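The structure appears right after this line, and notes come after that.
Read-outs throughout are calculated quantities, based only on the coordinates presented, and are distinct from any laboratory measurement. Quick caveat, the model's predicted, so the values are computed rather than measured. Glycine gets a Cβ as well: all are built from the backbone with ideal geometry, and neighbour counts include every protein chain shown.
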Amino acid sequence: MTTAIETRNLTKRYGNATAVQDVTLVIPHGELFGLFGANGAGKSTLIRMLTTLLAPTHGDARVNGFDIVQAADAVRASVGLVFSNEHSFYGRLTGRENLNFFAALQNVPRQLIRARVDELLEMFTLTRYADAMFQTYSTGMRQKLNVARALLHDPPILFLDEPTKGMDLQTADTVRALLKEEIVARQHKTVFLTTHDLYEMETLCDRIGVLAHGEMRAFGRPRDLLEQARRRTWYEIELAQPLADAAILETVRGIRAVRARDTRIEIEIDADDFSEKSLWDVIYGSGGQIRKFGPHADGLRALLRDAADDTRVV
Ligand code: ADP
């Protein structure tokens, strides 16, 4: 059994700027995966590489078992791609006519088009409006038709770039339910979506990745990441003078990581195992003087805040 998506050190540079840096991930078939990150984090670039629209600078990836460079045609046949704010539908054609047109464009065999279009209209509860002109559709109906179009050739993997962006709450919930219950649970397809929305990430996704400045900063089940974050806390210490050897702090029980820069030291602690006193002992023991000490922010939230500029608070 192949995995749905597998990348190794996938990297994209535009000139000197790195948009995606050494992303390595595995997403099994039948998973709803959410990629989280601020504007400019590299989400679209990653999706464009995985759907063959953009060639990687370095690294490689397989989608549905096919190499994105060597077997680009097979990759394209394996994926559906949905961008939000799609403007390519024809306003004066009906919903059904639009789907017929794009099905022909995507080489869906002629004799299958009618049944497939009917099936998708039904799946997305658009049958009642199938013969109304697209320009009369509401935003929610347009977005549903947009997702339906990506499924015309029945691909096993669906990519969606911010599928609920700009939607009212009810429409967003309808689209989420369709993805989770119909596309993933019932049809066992794999969904890879990008989101800005912490609520969406926690409630909808089986696993999430957090992309910041092109790098995958966290990857896992939302519950596990939150649990890790609860147990791990960053502290900031400001000293009067730099320590001669800040690495000595790594020997303190409960300290998992140390980042020292001049007189400022950040430590990551495991809350279940850490006592401040043993930290003081080591700092005073090596001649340090503490000016300030305090919690930084807990791990995941700090990570997400870094990765996102306009998130809702969990
Ligand atoms: P996101 O989808 O997370 O908003 P993008 O993948 O669109 O992020 O962009 C990642 C980075 O790459 C940004 O810094 C962006 O400015 C840069 N970038 C994207 N496309 C191009 C391009 N065609 N040429 C140069 N830089 C680009």
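Here are a few things to note about the model shown:
- Mean separation of Cα contacts under 8 Å (6+ apart) over length of the chain, as relative contact order %: 20
- Highest GNM mean-square fluctuation among Val117, Val252, Val175, for the chain modelled with Cα contacts below 10 Å: Val252.
- Protection proxy ranking, highest mean first, for peptides 198-210, 102-114: 198-210, 102-114, where packing is the per-residue count of other beta-carbon atoms within 10 Å, averaged.
- Among 279-289, 60-70, the order from most to least packed when residues are scored by Cβ within 10 Å on average: 60-70, 279-289
- The residues Lys180, Lys277, when put in order of fewest to most other Cβ atoms within 10 Å, stand as Lys277, Lys180.
- In the elastic network of the chain, a GNM with C-alpha springs shorter than 10 Å, the most mobile of Leu226, Leu81, Leu158 is Leu226.
- Charge tally for Lys292 (other residues, Cβ to Cβ under 15 Å; Lys, Arg +1; Asp, Glu -1): -2.
- Calculated P(r) tail over 26 Å for the stretch 5-220, as whole % of Cα pairs: 34
- Helix content alone sets the calculated 222 nm mean residue ellipticity of the chain: runs of n ≥ 4 DSSP H residues at -39500 (n - 2.57) each, divided across all residues, give -9000 deg cm²/dmol.
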